[in-house]
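Undergrad: The structure's right below; bear with me while I get my questions together.
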Amino acid sequence: MNTFETTASDFIAVDGQASTVSEAIHTRHSIREFEAREVPEAVIHKVFGDALRAASWKNSQPWEVHVVTGAARNEISKRLVEAAQSGEPKPDTAWPAAGPADAKRRMFDLGMKIYGVAGIDRKDKEARDSFMLRNFSFFDAPVAAFITTRFDLNFYVGLDIGCYLNTVMLLARENGLGSCPQAALSAFPDVVRDALKLSPEHRVACGISLGFPKPDSQLNRFHTPRESSEDLIRVVKTLP
Ligand SMILES: Cc1cc2nc3c(=O)[nH]c(=O)nc-3n(C[C@H](O)[C@H](O)[C@H](O)COP(=O)(O)O)c2cc1C
């Protein structure tokens, strides 16, 4: 069997909400099909606000969070789709190039599995492109957020923003929501700056879509695999 074929054990339910941190961690995965149902504003504030407790370098809190909903969400989505259809991504910081062979295998495996579950033939470039384009309609999520920083987008700022983003995703699960972190939303930073009236010193680090997951979507129910802890975690009691 190819590693990119899925079996029943690759899928979990995506309704309900997590009541412990462990449950949130083990039931979170990226959601790419959202219901149109609005997210109450109090919940938006809770998720993005409580996540501000995330750790950061010397408590620098290098993030600024721009949440868009309603007409603002629709307009920025329209402009991003237009940008993606007419030009190449120009992120403020270059996206990572391919890594070591084991990571390349995981990335390829993920792509194949997701296309498989989404019913996309990997040789069908048009279908792949239109799936990619869905990033810019926030996979239909009613809420999206852009994380910007006035720091240089260096390694530690990236770590800090990663801490914030992961906290948002876990809080989303606690509130019965799904999310998808998206580097794609940093692809056209000028569009984001222009729409949100931000000066050039605001660099667009990434974005995230948030909303209620469609519970019956097979794509949503796909639970991405992980390497085993035996392979990646080493507890050293006596130096070798
Ligand atoms: C920094 C970052 C950027 C990402 N960018 C995208 C993106 O642009 N589009 C997308 O569909 N998923 C994106 N993802 C989601 C990853 O593909 C996903 O987290 C990974 O495959 C692990 O799967 P999981 O989130 O379902 O557990 C991103 C994740 C991270 C952490």
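Undergrad: Looking at the range 137-188, which of its residues are assigned to a strand (DSSP E or B) and of a type in the set (A, V, I, L, M)?
TA: Selection gives Val143, Ala144, Ala145, Ile147.
Undergrad: Now for a different question. Take the residues in the range 73-129 that are more than 24 Å from Leu153 (Cβ to Cβ) and part of a loop (DSSP other than H, G, I, E, B); name whichever of them is farthest from the ligand (Cβ to nearest atom).
TA: Lys123
Undergrad: Would you call Lys113 basic (Lys, Arg), over 28 Å from Ala195 (Cα atoms) and without any contact (Cβ under 8 Å) to a residue 40 or more places away in the chain? It would help to see each step written out before you state the result.
TA: Details: basic (Lys, Arg): yes; over 28 Å from Ala195 (Cα atoms): yes; without any contact (Cβ under 8 Å) to a residue 40 or more places away in the chain: no.
So Lys113 fails the test.
Undergrad: Which pairs do you get when a residue that is modelled with pLDDT of 95 or more, found in the range 171-189, comes within reach of a residue that is of a type in the set (Asp, Glu) and assigned to a helix (DSSP H, G or I), reach meaning Cβ atoms under 7 angstrom, with the pair 6+ apart or on two chains?
TA: Leu171/Asp50
Undergrad: Take the residues of the range 9-24 that are assigned to a helix (DSSP H, G or I) and open to solvent by 90 Å² or more (accessible area, probe 1.4 Å): which is modelled with the highest pLDDT?
TA: Step by step, filter the range 9-24, then rank; the result is Val21.
Undergrad: Any residue at all in the range 33-53 that is free of Cβ contacts under 8 Å to residues at least 24 places away in the same chain, within 16 Å of the ligand (Cβ to nearest atom) and open to solvent by 60 Å² or more (accessible area, probe 1.4 Å)?
TA: Looking for residues that are free of Cβ contacts under 8 Å to residues at least 24 places away in the same chain, within 16 Å of the ligand (Cβ to nearest atom) and open to solvent by 60 Å² or more (accessible area, probe 1.4 Å), one finds none in the range 33-53, hence no.
Undergrad: Regarding Glu201, is this residue more than 13 Å from the ligand (Cβ to nearest atom) and surrounded by fewer than 22 Cβ atoms within 10 Å (Cβ to Cβ)?
TA: Yes; evaluated as a whole, the condition is true for this residue.
Undergrad: Report, by residue number, each residue of the range 204-236 that is in a strand (DSSP E or B) and more than 13 Å from the ligand (Cβ to nearest atom).
TA: If the condition is that a residue be in a strand (DSSP E or B) and more than 13 Å from the ligand (Cβ to nearest atom), then Leu210, Gly211 are the ones that fit.
Undergrad: A further question follows. Just to be sure before I move on: is Phe138 touching a strand residue (DSSP E or B) at 6+ places or on another chain (Cβ under 6 Å) and either open to solvent by 30 Å² or more (accessible area, probe 1.4 Å) or within 11 Å of the ligand (Cβ to nearest atom) (or both) in the structure I sent? Outline the logic, then answer.
TA: On the way: touching a strand residue (DSSP E or B) at 6+ places or on another chain (Cβ under 6 Å): yes; either open to solvent by 30 Å² or more (accessible area, probe 1.4 Å) or within 11 Å of the ligand (Cβ to nearest atom) (or both): yes.
Spelling it out, Phe138 is indeed touching a strand residue (DSSP E or B) at 6+ places or on another chain (Cβ under 6 Å) and either open to solvent by 30 Å² or more (accessible area, probe 1.4 Å) or within 11 Å of the ligand (Cβ to nearest atom) (or both).
Undergrad: Right, next: Filter the range 54-64 down to residues that are surrounded by fewer than 17 Cβ atoms within 10 Å (Cβ to Cβ) and not aromatic (Phe, Trp, Tyr) and give me whichever is nearest to Pro181 (Cα to Cα).
TA: Glu64
Undergrad: Do you know which residues across the range 54-69 are without any contact (Cβ under 8 Å) to a residue 40 or more places away in the chain and at negative phi?
TA: If the condition is that a residue be without any contact (Cβ under 8 Å) to a residue 40 or more places away in the chain and at negative phi, then no residue fits.
The values are calculated or read from the model by the stated rules, or taken from the named source; none is laboratory data. Everything numeric here is computed off the predicted structure, so don't read it as measured data. Quick reminder, even Gly has a Cβ in these numbers, built from the backbone with ideal geometry, and neighbours come from all protein chains shown. Heads up: the accessible areas ignore ligands, DNA and RNA and are worked out on the full protein's heavy atoms, side chains in. Shrake-Rupley method; radii C 1.70, N 1.55, O 1.52, S 1.80 Å.
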